[in-house]
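Written out below as structure tokens is the structure these notes cover.
Bear in mind these aren't lab numbers, they're just calculated from the coordinates by the rules spelled out. As the structure is a computational prediction, the values presented were derived from the model and not from experiment. Cβ placement follows ideal geometry from the backbone for every residue including glycine, while neighbour counts extend to all protein chains displayed.
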Amino acid sequence: MGRGLLRWSLVGSLFVLLLLALGASASSGDQQPAFKACVKACISKDCAPEAPPLPFYLRALWWTCESNCDYKCQRQLTAQGQGVVHQYHGKWPFVRIFGVQEPASVIFSLLNGAMHVRGWNIVRRGIPIRHPMRQWLSVYVIIGTWSWLCSAVFHTRDFPITEKFDYFSAGVNVLYIFFLGTTRMLRLSTWQQTRVLALCCAIPYVLHVAYLSLVRFDYGYNMMANAIVGLLSNFIWFVVAYQGYRNGQPFWWKPAVLMLLMDMAFSLEAFDFSPFFDALDAHSLWHAATIPIIAQWYDYLVKDAKWDLHLEQQRKD
């Protein structure tokens, strides 16, 4: 049973990676003559010297007259599209709330971050100081909270700087899960034992960020890089699950199932459909799906550490 579940989990992960490789989205709305004409007319009217300024809540989120015209024309043409919804500048024309560009993604990102904040108390109270995973999981809480905060900021207002913070922090999060799994699989307990692994993770990440920052910000490459690291993480955690199976751990299956569920949530990116209620697209639903997974992930990590201590005590007895 153990090997069968792990085998099918790996097959599922490979299938998800294939979906991401085949998935593609197009941005056609901002190329329409009607959109360009609408924006031009709006700017000439709303951005004239005698025109009233934007409301404070829009200016507080760095909306300008020009970007507001862009948004207004997106919504206007979407309403006139008779069910045909186009993407503009690579994004769906979401309904804005108090200046927030993607309200659903912001809410779900904050809830994911809250799961990591909650994880801090779970880790600190549930795992004794003497267990080596306690320090690595504490770092994971910080990285996870930071990455979802960056996601919330990016979905609030899409600027090049907020986009980079979102993508780069997400990359750290994905890479750290790989680091965490490898540390657990090899049972590395000290910095001396983990520093080679840390360097093997840090150097490719720095090169990855340098390429995206200095050479070309390639969205497809970034997604595939994260998907490949995620696939490697899956393999590592499947091995951890198999180790638990061999050791008689009652919940040995949980990391394999959780990683597969995370992959399934991530695969929503390959099905880039227009948003329901002008708010819920595939990307926001991906963020929604990960909330309960993160909660269960912390539950497993703490139980796994306690089981490890249980086995250690048995060996002593």
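Relative to the Cα centre, the charge distribution of the chain, modelled as +1 at Lys and Arg Cβ and -1 at Asp and Glu Cβ, gives a dipole magnitude of about 1140 debye. Does the range 112-199 come out rounded, prolate or oblate, given a ≥ b ≥ c as the square roots of the eigenvalues of its C-alpha gyration tensor, rounded meaning a/c under 1.5 and, failing that, prolate meaning a/b above b/c? Cα axes put the range 112-199 in the oblate bin.
A Förster radius of 35 Å combined with the Cβ-Cβ distance from residue 193 to residue 295 puts the calculated FRET efficiency at roughly 0.70.
Straightening the chain between residue 118 and residue 79 buys 9.9 nm, computed as 0.36 nm per residue apart minus the Cα-Cα spacing.
Spatially, the range 118-168 and the range 185-205 are offset by 19 Å when compared through their Cα centroids. Think of it this way: in the chain, 150, 200, 201 stand alone, with no other Cys Cβ under 4.7 Å.
Mind checking which of 107, 143, 161 has the largest fluctuation in a GNM of the chain, springs on alpha carbons under 10 Å? Answer for the Gaussian network model of the chain: 161. Using a/c under 1.5 as the rounded threshold, could you call the range 183-317 rounded, prolate or oblate? The axes a ≥ b ≥ c are square roots of the C-alpha gyration tensor eigenvalues, and prolate needs a/b larger than b/c, oblate otherwise. In terms of gyration-tensor shape, oblate. Look at the dipole of the chain built from charges on Cβ: of 295, 309, 165, the Cα furthest out on the positive end belongs to 309. Neighbour counts of C-beta atoms inside 10 Å place 138, 213 in the sequence 213, 138, starting with the fewest. Take the Cβ atoms of residue 186 and residue 51, set R0 to 51 Å, and the FRET efficiency comes out at 0.20. Residues 203, 293, arranged from fewest to most other Cβ atoms within 10 angstrom of their Cβ, appear as 203, 293. Using a simple spin-label model with pseudo-atoms 7 Å out from Cα toward Cβ, residue 200 and residue 139 lie 1.5 nm apart.
Here the spin labels are modelled as points 7 Å beyond Cα on the Cα-Cβ line, and at residue 163 and residue 277 they lie 2.8 nm apart. Cross-linked pairs 45/91; 36/91; 91/164: Cα-Cα separations exceed 23 Å for 45/91. From helices alone, the chain scores -24500 deg cm²/dmol at 222 nm; the rule is -39500 (n - 2.57) for each run of n ≥ 4 DSSP H residues, then divide by the residue total.
The Cα atoms of the range 29-79 give a gyration tensor whose axes a ≥ b ≥ c have a/c of 1.5 or more with a/b no greater than b/c, which makes the shape oblate. The length gained on full extension between residue 215 and residue 40, counted as 0.36 nm times the residue separation minus their Cα-Cα distance, comes to 59.7 nm.
Counted residue by residue at 0.36 nm each, then reduced by the alpha carbon distance between them, the extension gain from residue 95 to residue 64 reaches 9.4 nm.
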